[in-house]
Structures are given as C-alpha cells and as structure tokens.
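S.K.: One structure coming up, written as structure tokens, with questions to follow.
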Amino acid sequence: MSEQQKKIVYSALKPTGDLQLGNYIGALRNMVRMQEEHDCIYTIADMHSITVDCVPADLRRRTYEFMALFLAIGLDPQKSILFVQSHVHQHAELAWVLNCNTQFGEARRMTQFKDKSAKNPENVNVGLFAYPTLMAADILLYQADLVPIGKDQKQHLELARTVAERFNNRYSPTFVVPDGIFNTHGAKIQNLLDPSSKMGKTDDNTEGVIYLLDDRATIMRKFKRAVTDCGHEIVARQDKPGITNLLTIYSVIKGCTIKQAEAEFADKSYADFKLAVGEAVADHLEPIQAKYKELIADKAYLDQVMVEGAQKAARLADRTLAKVYRKVGFAQPKR
Ligand code: AMP
C-alpha cells in the first residue's frame, strides 16, 4: 500500500489488570497485523488507569510489563509508534479543551460511567466522569482515521466523533472524525469457568482467565477445569457455550476454522479436548513468554523504546494542539 493511502490507526490498552488471552485474541494480534498496512499509534493508557483505585507500584510495574509484552508479541517500534500516555503531556492539555466543548449531559449519559460509579460508590471521581473526553483527546491528537474498539467503547467513540464535529463546526476543520473498527478478525473469548461472561483483565474469577504470562502448568490446570456442557459432542452451538468458547480459542490459536477443529476432535472426549486446547495455547505462548523474559530484564531498552516513542508521538500531538490553541484564542507569543 502506498504511503499516501495509509490510514492512521490509534489503539490503547489500559494497564489495569494483567493482559489475558482475550486481549491477545481480540486486540493485540490484530494490532500486530495492522502495522503492515497502516500507520499505527499504540498507547499504554496509564492516565486512564487512575480513574479507578490503583496501587502506584502496580501501575508502574504493569506499564513496563505491557511494553515488554507489546514487543514480545511483535509490535515493532520501527513500524509503529509505541508509547506511554502520561509521557506525552498534550493528552491532558487537549482533554481540557475538549472538556470545555462537551456538555455535562452528554458525559452523564455514558453507560460505563454509570456502571463504574455504581460498582464503586466510594470513588466516583471527576476523572472517571471525564474519561471519555480524555479518550477523545487521545484519538483526535493524532488525527486518527480508524480506532479498533470493543463494543464497550462504542459509546465513547461516538462521543469523540460528536465533539470532533462540534469543534470543527464551531471553529474550523481541525480534527479528522474517526471511524471505529469493530473486532475486525473478531472472536470474543469467555471466562473458562463462566462461559456466559467475557474473559477480562480484572475478573474476580481468575481461575477462568488465561493470563499471557501464566506458565504451562497453570495454563493446563485452568483448561482442565474449564466448564463444559451437557452431552459429549464437541461442536460449536448456542446451547454449548463452554465447548464453543474452547473451539474458538483452539481455532484462533491454530489458525484453522471451527469446522476443522470440530472434525479434528469428533471422536475425542471432553477431557482430551481440553488438554489439547491447553497444550495449543501453552505452545503458542511459550516463545512470546521467552521473548518477554529477555525484554523485561532489559529495563534500559524498554526505557529507550518509551522515550523514543513519546518523542515521535509528541511531534504529531504538538501539531494538533498548536492548531487547537490558536483556534480557541490562546495567545501564542513568539519564543
Ligand atoms: P480491556 O482489557 O477490557 O480494556 O480491553 C482491551 C481490548 O482487548 C479491547 O479491544 C477488547 O475488545 C479486547 N478484549 C478484552 N477482553 C477480550 C475478550 N475476552 N475477548 C475478545 N477481546 C477482548
């Protein structure tokens, strides 16, 4: 694809909770793929992490772990811009301007704010309320065309589009209005112990979550305990959510179709099937984990990737922010 046609893709992961197989299948693998076709900007969104209770030492440690894992799975700082959100001060600055262009009523309608504040009534902070305008700033700073998101972020992206359009109309065209990409090669992975709910970084049911850094023994134990369904057929069907989830994981990891996976296990028991899925996942994660171990031990290299990534991001962010500051009327004295 020629440089001219390349779209700008923005994607961010919040370092709250440890990265798990759902993140890998639903987001990270696609991020690796998209590097080949687009100009990708990938962020570790630490500023979003402090909207909920968060232990400072954990946040710092996870930020490094996330960067090491990003690199270990194949995100490449030569192809994409990889950086930590708080290292680029323009995010907070644009967020303030966008706050002043967002109506209280619009932000109040966000269902994620309602859910999170209901879950944790002791810490309904203003940052949690303003989360969507910071997210809008993240995206709009880079004039992103495409934002891969899960369904849970759809309403936030809509708000980012509304605010971008409003700013463009009120002042003059400034922001690209971004489109969402919804689960391009998507598979949604469910918790192994509760196939009715999505596997998540912060699930309480951790025995049903495969973390990317789980060792082989842990992975095998979790798959052996995975909930299956009535009967003994290994087929993907609505009344078989446990088996369907395992078939989905297997087919994605092995790069085969669900039908091929069903055929492979047609005369096998649930127990054998679960062992095979566990082994496939452990085999797949092994080289990633080996690479991760090398990287996490090399803090100087991770620092270098973070610093260089932030410099590249800041150059782009500055362009947009300077335009925005000029348009809203902030004086810009010659320096
Ligand atoms: P989260 O960890 O919920 O902040 O999600 C970060 C990204 O990973 C989003 O793009 C999600 O859609 C994706 N993701 C998280 N969990 C899963 C899952 N269980 N299945 C598929 N995609 C997921």
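S.K.: Mind checking the full-extension length gain between R237 and V126? Use 0.36 nm per residue of separation minus the Cα-Cα distance, one decimal, nm.
M.R.: Values: separation 111, 0.36 × 111 = 39.96 nm, distance 4.36 nm.
Separation in residues times 0.36 nm, less the Cα-Cα distance, equals 35.6 nm.
S.K.: In whole angstrom, note down how far apart the Cα centers of segment 118-189 and segment 33-90 are.
M.R.: 17
S.K.: While we're on this one: What are the semi-axes of the equivalent ellipsoid for the chain, taken as the square roots of 5 times the Cα gyration tensor eigenvalues, largest first, in whole Å?
M.R.: Largest first, the chain gives 38, 22, 19 Å.
S.K.: Straight-line reach from K323: which lysines have a Cα under 24 Å away, not including same-chain ones fewer than 8 places off?
M.R.: K6, K7, K312, K334
S.K.: Right, here's the next one. Using only the Cα atoms of segment 207-303, what do you get for the radius of gyration and for Dmax, in Å?
M.R.: Rg, Dmax (Cα atoms, Å): 15.5, 54.
S.K.: Sticking with this structure for a sec: On full extension of the chain, what length is gained from S196 through Q112, given 0.36 nm per residue of separation minus the C-alpha to C-alpha distance?
M.R.: 28.3 nm
S.K.: How far is helix 56-73 tilted off the main Cα axis of the chain, in degrees rounded to 10, range 0 to 90?
M.R.: Its long axis makes an angle of about 70 degrees.
S.K.: Using only helices, what value at 222 nm comes out for the chain when you add -39,500 (n - 2.57) per DSSP H run of length 4 or more and divide by the total residues, to the nearest 500 deg cm²/dmol?
M.R.: The helix contribution divided over the chain gives -16500 deg cm²/dmol.
S.K.: Distance in nm between label sites at Q311 and E36, each 7 Å beyond Cα in the beta-carbon direction?
M.R.: Placing both labels 7 Å beyond Cα along the Cβ direction yields 3.0 nm.
S.K.: What angle do you read, to the nearest 10 degrees and between 0 and 90, between the alpha-carbon axis of helix 154-170 and the longest principal axis of the chain?
M.R.: It works out to around 20 degrees.
S.K.: Calculate the FRET efficiency for D272 and T206 from the Cβ-Cβ distance with a Förster distance of 22 Å, rounded to the nearest 0.05.
M.R.: The formula returns an efficiency of 0.30 here.
S.K.: Which lysines, if any, have their Cα less than 21 Å from the Cα of K274, not counting same-chain residues under 8 positions apart?
M.R.: Within the straight-line limit of under 21 Å, K274 reaches these lysines: K188, K198, K222, K224, K240, K254, K259.
S.K.: Also, quick follow-up: Of the listed peptides 109-117, 307-315, what is their order by residue-averaged count of other C-beta atoms within 10 Å, with the highest listed first?
M.R.: 307-315, 109-117
S.K.: Nearest 10 degrees, 0 to 90: what angle lies between the long axis of helix 299-328 and the longest principal axis of the chain (Cα atoms)?
M.R.: 40
S.K.: Indicate, rounded to the nearest 5 percent, the antiparallel portion of the DSSP beta bridges found entirely in the chain.
M.R.: Among the beta bridges of the chain, antiparallel pairing accounts for roughly 15 percent.
No lab work stands behind these numbers, since they all come straight from the coordinates. Just so it is clear, the model here is predicted, and its values are computed rather than measured. Because the Cβ atoms are built from the backbone with ideal geometry, glycine has one as well, and the counts that use them run over all protein chains shown.
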